[in-house]
Amino acid sequence: MDHIAIVTALDALAHEHRLKVFRMLVQAGPEGLTAGAISSGLEVKPSALSFHLKDLVRAELIQPRHVGRQIFYSARFETMNRLIAFLTENCCGGNPCTPVSASTSSNLLLTESLK
């Protein structure tokens with residue numbers, strides 16, 4: 001993924017409604033959801049949703065699929081995976097990273113605050 005595509009994707013996700021739409025479509029899986037289902041699920045007006053969907057399509061994070069008169073939107077998992085790979089490619093100086101659990105993270109913050 002080139003840097004322009006990465007910035008475009010991150011920019012698209014940097015809005016509350018678009019991030020919620022993307023997460024909803026990731027959870028829906030490859031089948032996706034109709035714009036109506038997304039609008040109802042997030043309580044977003046269809047006109048506002050249309051704007052957000054267009055931005056996510058432009059960023060290649062989602063793709064539309066016509067089925068009869070309906071349009072289904074689904075996440076583009078390959079783009080999501082490339083974005084995650086880019087963001088983590090130099091994680092921990094190139095060494096394998098082990099995720100920090102929430103409890104470990106909380107303990108670290110508590111320990112640091114006590115110093």
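The values are calculated or read from the model by the stated rules, or taken from the named source; none is laboratory data. Not measured: the values here are computed from a predicted model. Glycine also receives a Cβ, built like all others from the backbone with ideal geometry; neighbour counts cover every protein chain displayed.
Just a few scattered comments:
- Residues (over 15 Å from Leu25 (Cβ atoms) and either without any contact (Cβ under 8 Å) to a residue 12 or more places away in the chain or crowded, with 18+ Cβ neighbours inside 10 Å (or both)) located in region 36-58: Glu43, Lys45, Pro46, Ser47, Phe51
- Wholly within region 1-60, helices (runs of 4 or more DSSP H) carrying at least 3 residues that are within 15 Å of the chain's Cα centre (by Cα) and within 23 Å of Ala85 (Cβ to Cβ): 3-13, 16-28, 46-58
- When Ser74 is tested against the conditions (1) hydroxyl-bearing (Ser, Thr, Tyr); (2) assigned to a helix (DSSP H, G or I); (3) under 14 Å from the mean Cα position of the chain (by Cα); (4) over 13 Å from Leu10 (Cα atoms), the lone failure is (2).
- Looking only at residues of region 59-115 that are loosely packed, with under 10 Cβ neighbours inside 10 Å, at pLDDT below 90 and of a type in the set (A, V, I, L, M), we find that the one that is farthest from Ala28 (Cα to Cα) is Leu114.
- Residues in region 22-35 that are buried (at least 17 other Cβ atoms within 10 Å of the Cβ) and without any contact (Cβ under 8 Å) to a residue 40 or more places away in the chain were compared, and the one that is nearest to Thr8 (Cα to Cα) is Met24.
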